[in-house]
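See below for the structure under consideration.
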Amino acid sequence: MDVPPSRCEQRMLEKLESRAARGLRRAIWPTYNHVDPQGAHTDSSSQAFLNAAASNSSAARVDFASNDYLGVSTSCLQLHERCANRYAEFVRAFRPRATDERGEPAGCRLGAMNGSTGSRVLTGNSWHHEALELRSAVFHDAPCALLFNSGYDANLALLSCVPASAIVYDESVHASMHDGIRLSRASITRSFKHNCVDDLRAALRELRSEHACKDIVVVIESLYSMSGDVAPLKRILAAVNEHDADLVVDEAHAVGIYGDHGQGLCFERRVQTHPRLLARVVTFGKAFGAQGAAVVPRSHLVREYLLNYARPLVFSTSLAVPLVICLLETYEFMASSEASQRRARLSVLSDYFDMHARSMKHVAWGPSGSGSPIKSAFMPGNDYCVRAAMFLRAGGYLVYAIRAPTVPEGSERIRVVLHATNTVAEIDGLLRALDEFVQHSARPGLPATASDVLNPRSKL
């Protein structure tokens, strides 16, 4: 017998239906090619166009969507074998050699084999966790590091407990940083225009002069996940230094790609030891091809503070041992010649993409640069953007529509992510398909350039 929904469930249903009516309802992409979770209502002519594209589609999809920038997760067999072998060695060492009074294997003193059994501050620590933190600190040129279960956890933990009277953040920072700021102890929070150092300076001056804020933390990303542009790190640090503030940098999308061995943009710009750089957040779920994150702080004092006040760390089971072992091997891989070759190839593909994309007359592209693997093709309007993504996926290219409110209304976009494993032919095919869709679906009011989308005075 069906149970009628409770009041809470009815409210959930109403909110889901409201989101669906606006074309914003999310779903998990299925493992079979039957349903498109980003599907949108389309008129008959557009549907015929999409059906024609679908008739030529292939079961295989070219990945232009995942954050596996170097292909570490999907196409690095030797690394995967090293991870498996190292874990097998650990299991063999773990195997108990004695029995208890009941004749069963006695407990082992080496630690847990699978799950970590608890929080880091309780039973969830191991020498593998400590070794990974040491490796991370040395790799990123920092005095120490502290592991977290994800980049989201790390940002939420750091920003929710940082002892600041005011937090100033770039308007384009990740949702995890927004959530951390909402939970923070800061009495005042302010955003500044994306990558605009003058606007940052104005915000800092106001907080100092009008609000007498003493402890100010500025929050940015080094490589922005939705636009693909990089932060002017040296200029931002100069502004932060002028106003006696501190800086937190999320390097989620930069580690593995930038720096001599993938240490990140702060390292590449040689600001990793700047006295105003309070902490960096490095994550392992993108170019590292795994999962987890670390806060790389300026000092041991910051690490000690987080151990005591970062609730997502204190009250969460720590990373599982097999994953930690894998990450130790991945750090070794990042310093290898193979990883350097993959980074170099990714940079070449990025330049090739930019050169050919900019020649397209009917598409406005975002301000990607500095070898960034993230590209944005503006498709204003949620429905229009979703139809573009559907058409490209029907042609065999896996991309996603980034819709409002994830990005500001009017700046909806197709997010294209390049990988070291992509080919020139695949890039050419994607750009041809995108140009075909835009020319077929052209409508009045489409932006001519990226500035038409990003300019706040635009009607879009």
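Determine if segment 89-98 includes at least one residue that is at pLDDT below 95, surrounded by fewer than 16 Cβ atoms within 10 Å (Cβ to Cβ), in a strand (DSSP E or B) and outside the structural domain of Asp244 (by TED's automatic domain parsing).
Among the residues of segment 89-98, not one is at pLDDT below 95, surrounded by fewer than 16 Cβ atoms within 10 Å (Cβ to Cβ), in a strand (DSSP E or B) and outside the structural domain of Asp244 (by TED's automatic domain parsing), which makes the answer no.
What residue, among those in segment 237-263 that are under 13 Å from Val295 (Cβ atoms) and of a type outside the set (D, E, K, R), is surrounded by the most Cβ atoms within 10 Å (Cβ to Cβ)?
Val255
Taking segment 332-347, which residues are surrounded by fewer than 20 Cβ atoms within 10 Å (Cβ to Cβ) and either touching a His at 6+ places or on another chain (Cβ under 9 Å) or under 30 Å from Ser126 (Cβ atoms) (or both)?
Answer for segment 332-347, where residues must be surrounded by fewer than 20 Cβ atoms within 10 Å (Cβ to Cβ) and either touching a His at 6+ places or on another chain (Cβ under 9 Å) or under 30 Å from Ser126 (Cβ atoms) (or both): Glu332, Ala335, Ser336, Glu338, Ser340.
Check segment 209-218 and report whether any residue there is out of contact with any His (no Cβ under 7 Å at 6 or more places or on another chain) and either within 26 Å of Ser350 (Cβ to Cβ) or among the acidic types (Asp, Glu) (or both).
The answer is yes; a qualifying residue exists.
Yes/no matrix, rows are residues, columns are (1) at pLDDT 85 or above; (2) in a loop (DSSP other than H, G, I, E, B); (3) loosely packed, with under 15 Cβ neighbours inside 10 Å:
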residue: Leu24; (1), (2), (3): no, yes, no
residue: His41; (1), (2), (3): no, yes, yes
residue: Leu50; (1), (2), (3): no, no, no
residue: Asn67; (1), (2), (3): yes, yes, no
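Across segment 348-395, which residue is surrounded by the fewest Cβ atoms within 10 Å (Cβ to Cβ) among those that are within 20 Å of the chain's Cα centre (by Cα) and part of a loop (DSSP other than H, G, I, E, B)?
Checking each candidate, the answer is Gly369.
With respect to the numbered conditions (1) farther than 23 Å from Ile257 by Cα; (2) at pLDDT 60 or above, which one is the sole condition not fulfilled by Arg415?
(1)
Looking at segment 366-387, is at least one residue acidic (Asp, Glu) and outside the structural domain of Glu268 (by TED's automatic domain parsing)?
For segment 366-387, residues acidic (Asp, Glu) and outside the structural domain of Glu268 (by TED's automatic domain parsing): present.
The values are calculated or read from the model by the stated rules, or taken from the named source; none is laboratory data. Note that the coordinates shown come from a computational prediction; the quantities given were computed from them, not determined experimentally. Here Cβ is always computed from backbone atoms with ideal geometry, including for glycine, and neighbour counts include all displayed protein chains.
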